[in-house]
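Below is one structure, written out as structure tokens; comments come after it.
The values are calculated or read from the model by the stated rules, or taken from the named source; none is laboratory data. Values in this document were obtained by computation on a predicted structure and should not be read as measured data. Quick reminder, even Gly has a Cβ in these numbers, built from the backbone with ideal geometry, and neighbours come from all protein chains shown. Side chains are part of the model used for accessible areas, which takes the heavy atoms of the whole protein and leaves out ligands, DNA and RNA. Shrake-Rupley method; radii C 1.70, N 1.55, O 1.52, S 1.80 Å.
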Amino acid sequence: MKLADLDVIVTSPTAPGWGGRYWILVKVTTDTGIVGWGECYASTVGPEAMRHVIRDVFERHMAGENPENIELMFRRIYSSGFTQRPDLTVMGAWSGLEIACWDILGKDRDRPVHALIGGKLNDHIRAYTYLYPTRDTHTLPDFWVDAAMAAESALDMVNKGYTAVKFDPAGPYTIRSGHMPAMRDISRSVEFCAAIREAVGDRADLLFGTHGQFSTGGAIRMGAAIEAYSPLWYEEPIPPDTLREMQKVAEAVNIPVATGERLTTTREFAEALRAGVQILQPALGRSGGIWETRKIAVLAEAWNAQVAPHLYAGPIEWAANIQLAATIPNILMAETIETPFHSALIKNKLTVENGFVTVPNGAGLGIEVDEDLARANAYDGNGLHLQMQEAPISYHEENVFEGGAPSKN
């Protein structure tokens, strides 16, 4: 069996748009006719340019290869162009293609992916969700800076069975270096933590996100302000290119530090562990794929750290996250996004029930992709999957973070 053909589909989720402007899906077919699906969480270049990157990676390093040879193909791609260092764009291309290889191998053997990478240790994976509008009164963009609305949403999610909710009230992420938060941003963050904690009590953990926006000193100030509400984690408090500074934050704040959405391969995650990060959040469509992230989980286990796969993408990456989570002893939880489009794209093969995802036992990733739906919603905009604010934050006006529903363009 050899890898023979590749198709790349860039699909745009319908309203409300949670998960980004578009998702990059890869369909890989073998010479025996088996189809595998993957998803690339890469947004450093536009989707049309990314199509060419993905195709170049496939044709140069994978076409004609046995899909079993995951490590060989990874070493070719990691070393491509005399590099041998983490590269977000190339690793994003590889990650989606690698997920597709595992889907192929599972289908060829009529076994779920988790059975091929160590076997199923966990039958159910604890899920968490970002706080999105849940009521007609939750209008945008007001929702992103309204603690009372956030508390109502949190309670709605907890009543559905979720035991952990994530929110990011600290203002927008910008293209600039880490900044010192405005005092009103600190006050708003405290208000959010207080309101959500009061609403859910001890029925759920609070997950405080920041998208890596603060200077080291700013992160310490913010962390100290919210400590009293006992968040389960403090997500990406400083930019991902300053990992060694993370140790200062981890040592100064009594909240476990989490990071990983913008990291790739064992090299960068090892640095995070050395810096005191206690919860790793790999995005499998960027981190190196299933096998590389399995190694990352082993590294974390040796550091007594836990893994919480990140998801701000489509349901194929989610399916890969769940297959990996089934096999590792140090899984904490996995991010989920529940929208009708997410569900329809994989024909409702993954669901959240009472706050947990049941690991599927079907062949490969355990999902069925609605290819017609994906193609019918092709992305035709010119924006990137996510974009950062160019202007600096304001110390006079309200800093409103657009949240999980970016405009299509």
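Annotation: amide H of residue 260 within the under-5 Å range of 281, sequence separation 5 or more or interchain, hydrogens built in the peptide plane. Simple rule: put +1 on each Lys or Arg Cβ and -1 on each Asp or Glu Cβ in the stretch 83-143, find the dipole, and look at 117, 100, 138; the Cα lying farthest toward the positive end is 117. Would you look at the GNM of the chain, springs on alpha carbons closer than 10 Å, and say which of 364, 19, 218 moves the most? Per the Cα network of the chain with a 10 Å cutoff, 218 tops the list.
In the assembled protein chains, residue 162 presents an accessible area of approximately 0 Å² (probe radius 1.4 Å). Across 119, 106, 355, mean-square fluctuation computed from a Gaussian network of the chain (C-alpha pairs under 10 Å connected) peaks at 119. In plain terms, if you count all Cα to Cα distances in the stretch 1-51 and split them into 10 Å steps from zero, the share in each step is 24, 43, 25, 7, 0 percent. Relative intensity of the stretch 190-241 on a log10 scale, I(q)/I(0) at q = 0.14, 0.19 Å⁻¹, equals -0.36, -0.62, per a Debye sum over C-alpha point scatterers of equal strength in the absence of solvent. Under 22 Å from the Cα of residue 27, which lysines turn up, not counting those fewer than eight places away in the same chain? Correct list for residue 27: 2, 107, 347, 349. The accessible area of residue 191, taken with all protein chains in place and a 1.4 Å probe, comes to roughly 100 Å². Note on residue 109 and residue 136: the model spin-label points, each 7 Å out from Cα along the C-beta direction, lie 5.3 nm apart.
Each residue of the stretch 139-147 is assigned a 3J(HN,Hα), and the resulting list reads 8, 9, x, 4, 3, 5, 10, 10, 5 Hz, derived from the Karplus form 6.51 cos²θ - 1.76 cosθ + 1.60 (θ = phi - 60°), x at Gly and Pro.
Charge dipole of the chain (Cα centre as origin; +1 on each Lys and Arg Cβ, -1 on each Asp and Glu Cβ, all else neutral): 720 debye, rounded to the nearest 20. Using only the alpha-carbon atoms, how far is helix 183-200 inclined from the longest principal axis of the chain? Give it as 0 to 90 degrees, nearest 10. The answer is roughly 80 degrees.
Over the C-alpha atoms of the stretch 271-385, the Rg to Rh ratio, Rh being the Kirkwood estimate, stands at 1.00. Relative to the dominant Cα principal axis of the chain, helix 289-302 is inclined by about 50°. Protein-only accessible surface at a 1.4 angstrom probe places the residues 257, 45 in the order 45, 257, largest first.
For the residues 392, 67, 169, a GNM of the chain with alpha-carbon springs under 10 Å puts the largest fluctuation on 392.
Please say if the chain is rounded, prolate or oblate, where rounded means a/c under 1.5 for a ≥ b ≥ c the square roots of the C-alpha gyration tensor eigenvalues, and otherwise the choice is prolate for a/b larger than b/c and oblate otherwise? Prolate, since a/c reaches 1.5 and a/b exceeds b/c.
Extension gain for residue 82-residue 252 works out to 57.2 nm (0.36 nm per residue, less the C-alpha to C-alpha distance). Helix 47-61 and the longest principal axis of the Cα set of the chain meet at an angle near 40°.
Of all aspartates and glutamates in the structure, those lying under 19 Å Cα to Cα from residue 160, and not within fewer than 8 positions of it along the same chain, are 136, 152, 198, 202, 205, 335, 338, 353.
A Cα-only calculation for the stretch 336-385 places Rg and Dmax at 13.2, 39 Å. Mean separation of Cα pairs under 8 Å and 6 or more residues apart, divided by the residue count, gives the chain a relative contact order of 24 percent.
Taking a ≥ b ≥ c as the square roots of the Cα gyration tensor eigenvalues, the stretch 6-153 comes out prolate, since a/c reaches at least 1.5 and a/b is larger than b/c.
Take the stretch 94-236 with all the other protein chains still there, run a 1.4 Å probe, and you get 35 Å² of accessible area per residue.
Projected over every direction and averaged, the convex hull enclosing the alpha-carbon atoms of the stretch 179-310 yields 7.6 nm².
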